[in-house]
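S.K.: Once you've had a glance at the structure underneath, I'll fire off some questions.
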Amino acid sequence: MPPPGAAGDPITVGVLALQGDFEAHGLVLSRLGAVVREVRVPTDLDGLDGLVLPGGESTTMTLGIERERLADPLRAFHASGKPIFGTCAGLIMLDREHLGIIDIRAERNAFGRQVRSFEAPLEIGVSGGPVEAVFIRAPWIAEHGPTVEILAEVEGHGVAAREGAVIVVAFHPELGDDDRVHELFLQSVRDARAAA
Ligand code: GLN
């Protein structure tokens, strides 16, 4: 496997580890050759090349971010051009009504509650065909601004999007063994680092 960094230092990616399935993201990122750091307090962001906000429960995550005073440091991380990847509850955390890092409004539990956990093949523009996307009490993108590119839809609602260095998906790419969505994110991390 080629080293994930352009040259020299390996890519270091943070995973917000206040709550949710951060460990599964860490395993995928390590498997792809990144150095992984769990992020719990603002100083954990120092020196990272990119950051993942995992799935979980967005109300609990909001309280954790307030408790650790992470909101402004996370916005500053984004403002510095570092790529951020939000999945499921992580997508919600990044929206207009939470951290305001991507110009979308997420609708929580949009497919209904427990009954609407499902898997679907989803074409999101990675090579090799559709990914098998696992949705668990997932949000969808109810509204978005003009600079947001919707990458995939289910039932006419956006479930994957990109704006600048921010990628969000409503499903759980860390479950299963298809690493292509994380690879898409890592490529944006490599690109941002090469441009910096
Ligand atoms: N329903 C959860 C929330 O609103 C998100 C679900 C998930 O991350 N799997 O926070």
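S.K.: Do we find that I124 is farther than 20 Å from L16 by Cα and touching a helix residue (DSSP H, G or I) at 6+ places or on another chain (Cβ under 8 Å) in this structure? Steps first, please.
M.R.: On the way: farther than 20 Å from L16 by Cα: yes; touching a helix residue (DSSP H, G or I) at 6+ places or on another chain (Cβ under 8 Å): yes.
Spelling it out, I124 is indeed farther than 20 Å from L16 by Cα and touching a helix residue (DSSP H, G or I) at 6+ places or on another chain (Cβ under 8 Å).
S.K.: Suppose we filter F185, F171 for residues that are closer than 18 Å to N109 by Cα, in contact with a strand residue (DSSP E or B) (Cβ under 9 Å, 6 or more places away or on another chain) and not in a strand (DSSP E or B); which single one remains?
M.R.: Working: F185 fails: closer than 18 Å to N109 by Cα.
That would be F171, the only listed residue that is closer than 18 Å to N109 by Cα, in contact with a strand residue (DSSP E or B) (Cβ under 9 Å, 6 or more places away or on another chain) and not in a strand (DSSP E or B).
S.K.: Residue check: is L91 open to solvent by less than 50 Å² (accessible area, probe 1.4 Å), within 16 Å of the chain's Cα centre (by Cα), of a type outside the set (V, I, T) and modelled with pLDDT of 95 or more? It would help to see each step written out before you state the result.
M.R.: Numbers: open to solvent by less than 50 Å² (accessible area, probe 1.4 Å): yes; within 16 Å of the chain's Cα centre (by Cα): yes; of a type outside the set (V, I, T): yes; modelled with pLDDT of 95 or more: yes.
The answer is yes for L91.
S.K.: Please verify whether the range 133-156 includes one or more residues that are among the small types (G, A, S), over 21 Å from L99 (Cα atoms) and surrounded by fewer than 17 Cβ atoms within 10 Å (Cβ to Cβ). If you could, list the steps in order and put the result at the bottom.
M.R.: Pass one, the range 133-156, residues among the small types (G, A, S): 133, 138, 142, 145, 152, 156.
So of that shortlist, the ones also over 21 Å from L99 (Cα atoms) come out as 133, 152, 156.
Filter again for surrounded by fewer than 17 Cβ atoms within 10 Å (Cβ to Cβ), leaving 156.
Yes, some residue in the range 133-156 is among the small types (G, A, S), over 21 Å from L99 (Cα atoms) and surrounded by fewer than 17 Cβ atoms within 10 Å (Cβ to Cβ).
S.K.: I92 - would you say it is under 21 Å from A192 (Cα atoms) and touching a helix residue (DSSP H, G or I) at 6+ places or on another chain (Cβ under 9 Å)? Please lay out each step first, then the result.
M.R.: Working: under 21 Å from A192 (Cα atoms): no; touching a helix residue (DSSP H, G or I) at 6+ places or on another chain (Cβ under 9 Å): yes.
No; evaluated as a whole, the condition is false for this residue.
S.K.: Restricting attention to the range 133-155, which residues are among the acidic types (D, E) and more than 17 Å from the chain's Cα centre (by Cα)?
M.R.: Pass one, the range 133-155, residues among the acidic types (D, E): 143, 149, 153, 155.
Across the range 133-155, the qualifying residues are E143, E155.
S.K.: Shifting gears a bit: Can you report the number of residues in the range 108-136 which are charged (D, E, K, R), within 12 Å of the ligand (Cβ to nearest atom) and free of Cβ contacts under 8 Å to residues at least 40 places away in the same chain?
M.R.: Going through the range 108-136, the residues charged (D, E, K, R) turn out to be 108, 113, 116, 119, 123, 132.
Filter again for within 12 Å of the ligand (Cβ to nearest atom), leaving 108, 113, 116.
Next, only the ones that are free of Cβ contacts under 8 Å to residues at least 40 places away in the same chain stay: 113, 116.
Of the residues in the range 108-136, 2 are charged (D, E, K, R), within 12 Å of the ligand (Cβ to nearest atom) and free of Cβ contacts under 8 Å to residues at least 40 places away in the same chain.
S.K.: Is there a residue in the range 9-30 that is at pLDDT 95 or above, loosely packed, with under 13 Cβ neighbours inside 10 Å and touching a helix residue (DSSP H, G or I) at 6+ places or on another chain (Cβ under 7 Å)?
M.R.: Checked the range 9-30: no residue is at pLDDT 95 or above, loosely packed, with under 13 Cβ neighbours inside 10 Å and touching a helix residue (DSSP H, G or I) at 6+ places or on another chain (Cβ under 7 Å).
S.K.: Can I ask one more? Among (1) farther than 18 Å from L99 by Cβ; (2) open to solvent by less than 50 Å² (accessible area, probe 1.4 Å); (3) away from the ligand (no atom under 16 Å from the Cβ), there is one condition A165 misses while meeting the rest; what is its number?
M.R.: In the conditions (1) farther than 18 Å from L99 by Cβ; (2) open to solvent by less than 50 Å² (accessible area, probe 1.4 Å); (3) away from the ligand (no atom under 16 Å from the Cβ), A165 misses (1) alone.
S.K.: From (1) surrounded by 21 or more Cβ atoms within 10 Å (Cβ to Cβ); (2) farther than 18 Å from V15 by Cβ; (3) within 12 Å of the ligand (Cβ to nearest atom), pick out the condition that doesn't hold for H172.
M.R.: Here H172 meets the rest and fails (2).
S.K.: Among the numbered conditions (1) part of a loop (DSSP other than H, G, I, E, B); (2) closer than 26 Å to A34 by Cα, tell me where G112 comes up short.
M.R.: So G112 meets the others, but not (2).
S.K.: Return the total of residues in the range 117-146 being in contact with a Gly (Cβ under 7 Å, 6 or more places away or on another chain) and closer than 16 Å to I167 by Cα.
M.R.: Qualifying residue count, the range 117-146: 3.
S.K.: Still on this structure, I have one more. Go through the residues of the range 186-194 one by one and say whether even a single one is touching a helix residue (DSSP H, G or I) at 6+ places or on another chain (Cβ under 6 Å), surrounded by 21 or more Cβ atoms within 10 Å (Cβ to Cβ) and in contact (Cβ under 8 Å) with a residue 60 or more places away in the chain.
M.R.: Within the range 186-194 (the criterion being touching a helix residue (DSSP H, G or I) at 6+ places or on another chain (Cβ under 6 Å), surrounded by 21 or more Cβ atoms within 10 Å (Cβ to Cβ) and in contact (Cβ under 8 Å) with a residue 60 or more places away in the chain), the answer is no, since none of the residues qualifies.
S.K.: Next question. Confirm whether E107 is surrounded by fewer than 22 Cβ atoms within 10 Å (Cβ to Cβ) and farther than 18 Å from G56 by Cα. Before you say what the answer is, go through the steps one by one.
M.R.: Details: surrounded by fewer than 22 Cβ atoms within 10 Å (Cβ to Cβ): yes; farther than 18 Å from G56 by Cα: no.
Taking the combined requirement at face value, the residue does not satisfy it.
The values are calculated or read from the model by the stated rules, or taken from the named source; none is laboratory data. These numbers come from a predicted model, not from an experiment. In this analysis, Cβ positions are derived from the backbone assuming ideal geometry, glycine residues included, and neighbour counts consider all displayed protein chains. In case anyone asks, the SASA skips ligands and DNA or RNA and just uses the protein heavy atoms, side chains included. Shrake-Rupley method; radii C 1.70, N 1.55, O 1.52, S 1.80 Å.
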